[in-house]
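Scroll down for the structure; my scribbles are underneath it.
The values are calculated or read from the model by the stated rules, or taken from the named source; none is laboratory data. A quick note: this is a predicted structure, and the numbers were derived from the prediction, not measured. Here the Cβ is made from the backbone with ideal geometry for all residues, glycine too, and neighbour counts use every protein chain on show.
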Amino acid sequence: MGYDLSRTLSGYGLATETVMGEDLDELYVILARAFSDQLPHAVVIKRKMAPGIEGAEGSPHAHEVLKPEVAIKYLEARGHSAAADQLKTAKHHHPPWRSARPEAEAARASLSTHSTSSTIDVLSKMH
């Protein structure tokens, strides 16, 4: 079933209403009702992520940054070719805390997993 914020807030005793963010008439009614009451209310406003962006709409992958190919297509479709060209020529830079060598990254992950497993094994034998 997954996580449902509305159910969680209702479980804490809050008067909770859920509305789609694009339904402005319903949103107005719900907010007016919430502000006219002395009791605390929770209004959960749901929206599709990245509406109107093909390849990203409704996807949690659009939360922080779009994939370059999706962003380029979006920009070009709207006549922003200079911005799309910048993305096409941009070079990927690894953050300083990550290795440019994938095998080094994998080795670190393996070491971390091994350390965690060893610690859990030792702790489980203590009880």
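List of remarks:
- Ile72 being farther than 23 Å from Tyr3 by Cα and either without any contact (Cβ under 8 Å) to a residue 40 or more places away in the chain or surrounded by fewer than 12 Cβ atoms within 10 Å (Cβ to Cβ) (or both): yes
- Flag if Thr18 is within 21 Å of His63 (Cβ to Cβ), surrounded by 15 or more Cβ atoms within 10 Å (Cβ to Cβ) and not assigned by TED's automatic domain parsing to the domain that holds Glu64: yes
Residue-by-condition table, conditions (1) in a strand (DSSP E or B); (2) among the small types (Gly, Ala, Ser):
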residue: Asp25; (1), (2): no, no
residue: Tyr28; (1), (2): no, no
residue: Ala32; (1), (2): no, yes
residue: Val44; (1), (2): yes, no
residue: Ala50; (1), (2): no, yes
residue: Glu54; (1), (2): no, no
residue: Glu57; (1), (2): no, no
residue: His61; (1), (2): no, no
residue: Glu69; (1), (2): no, no
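- Screening Tyr3 on (1) in contact with a strand residue (DSSP E or B) (Cβ under 7 Å, 6 or more places away or on another chain); (2) not in a helix (DSSP H, G or I) shows it passes everything except condition (1).
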